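Report on the following structure.
The values are calculated or read from the model by the stated rules, or taken from the named source; none is laboratory data. A quick note: this is a predicted structure, and the numbers were derived from the prediction, not measured. Here the Cβ positions follow ideal geometry from the backbone for every residue, glycine too, while neighbour counts run over all protein chains shown. Accessible surface is based on the protein model in full, side chains and every heavy atom, while ligands, DNA and RNA are left aside. Shrake-Rupley method; radii C 1.70, N 1.55, O 1.52, S 1.80 Å.
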Amino acid sequence: MGNSYFFGYGSLVNRASHSFEAAIPAQLTGWRRIWRHTTLRPVAYLTVVPDPEAEIDGLIAPVPDADWPALDAREAAYIRAPAAHQVRHPLPHAPEIAVYTIPEGLHMAPSHAHPILLSYLDVVVQGYFREFGAAGVQRFFDTTQGWDAPLLDDRSAPRYPRHQPLTAVERALTDQHLERLGVSILARDR
């Protein structure tokens with residue numbers, strides 16, 4: 001088994017959005033998931049920020065052939081931070097584990113000009129539902145900050161390049177939590 005792993009906490013939790021094999025559920029402590037944007041991307045997306053009180057669910061997966069540059073290219077707006085000492089997992093060995101984060105000072109709160117894409121959120125929620133069930137989706141929403149951000153409903157014409165088809169249950173689950181949190185919708189499917 002390889003010794004280089006990454007911790008995924010957003011779209012990487014959805015196995016349909018990547019080809020990383022041997023991914024397994026894990027928990028990351030000391031980091032909080034939050035919606036942010038940078039000048040490197042036109043929309044908001046998830047990052048993690050240090051928070052000693054936080055714990056989030058996600059997946060760890062081996063980096064194929066320890067090819068960090070390929071993974072770095074996918075996660076171009078982020079930097080890699082060592083996190084092996086902060087990840088609980090069932091592996092019998094202690095691999096190197098990194099988490100991707102945007103450095104403090106280089107990210108801002110989402111805005112109408114940089115909204116959350118519903119097609120991206122759908123991929124994330126689908127992954128959490130398939131890995132952790134409805135309770136895991138609830139934890140995702142409850143352990144993520146920044147839900148006051150505007151959300152662009154692009155389901156009818158997805159802008160997120162790795163969007164996935166949804167079941168009626170997955171779609172309803174996302175919509176239920178967005179309504180519960182009072183998330184502002186900028187546009188609706190037509």
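How far is helix 118-142 tilted off the main Cα axis of the chain, in degrees rounded to 10, range 0 to 90?
Orientation of helix 118-142: about 60 degrees from the principal axis.
Please get the size of the charge dipole for segment 41-190, origin at its Cα centre, with Cβ charges of +1 on Lys and Arg and -1 on Asp and Glu, quoted in debye to the nearest 20. Before the final figure, lay out each step's value.
On the way: 13 positive and 20 negative charges, 89 e Å.
Computed charge dipole of segment 41-190: roughly 420 debye.
Can you tell me which of LEU151, LEU173, LEU12 moves the most in a GNM of the chain? Springs connect C-alpha atoms under 10 Å apart.
LEU173
Is the shape of segment 108-190 best called rounded, prolate or oblate, per the rule: a/c under 1.5 gives rounded, else a/b larger than b/c gives prolate, else oblate, with a ≥ b ≥ c the square roots of the Cα gyration tensor eigenvalues? Walk me through the intermediate numbers first.
Numbers: a/c = 1.65, a/b = 1.19, b/c = 1.39.
Judged from the Cα gyration tensor, segment 108-190 comes out oblate (a/c at least 1.5, b/c at or above a/b).
Looking at the square roots a ≥ b ≥ c of the eigenvalues of the Cα gyration tensor of segment 39-94, which shape do they give, rounded for a/c under 1.5, prolate if a/b is larger than b/c, or oblate? Write down the numbers at each step before the final one.
Values: a/c = 2.40, a/b = 1.22, b/c = 1.97.
Since a/c reaches 1.5 but b/c is at least a/b, the shape of segment 39-94 is classed as oblate.
If you build a Gaussian network model of the chain, linking Cα atoms that sit under 10 Å apart, which residue out of GLY133, GLY105, GLY30 swings the most?
Evaluated over the chain, the most mobile residue of the options is GLY105.
Please say if segment 138-178 is rounded, prolate or oblate, where rounded means a/c under 1.5 for a ≥ b ≥ c the square roots of the C-alpha gyration tensor eigenvalues, and otherwise the choice is prolate for a/b larger than b/c and oblate otherwise? List each step's numbers first, then the result.
Working: a/c = 1.97, a/b = 1.31, b/c = 1.50.
It is oblate, given that a/c is not under 1.5 and a/b is not larger than b/c.
How many percent of DSSP beta bridges within the chain run antiparallel, rounded to 5? Don't jump to the answer; show the numbers that get you there.
Working: 24 of 35 bridges.
Among the beta bridges of the chain, antiparallel pairing accounts for roughly 70 percent.
Keeping all protein chains in place, calculate the accessible area per residue for the chain (probe 1.4 angstrom), answer in Å². List each step's numbers first, then the result.
On the way: 8910 Å² over 190 residues.
Computed with neighbouring chains in place, this is 47 Å² per residue.
Is it possible to state the helix-based mean residue ellipticity at 222 nm for the chain, with each DSSP H run of 4+ residues giving -39500 (n - 2.57), the sum divided by total residues, to the nearest 500 deg cm²/dmol? What is it?
Details: 3 runs with 46 residues, N = 190.
One gets -8000 deg cm²/dmol as the mean residue ellipticity at 222 nm.
Between TYR100, TYR78, TYR128, where does the largest GNM mean-square fluctuation fall for the chain, given springs only between Cα atoms within less than 10 Å?
In the Gaussian network model the winner is TYR78.
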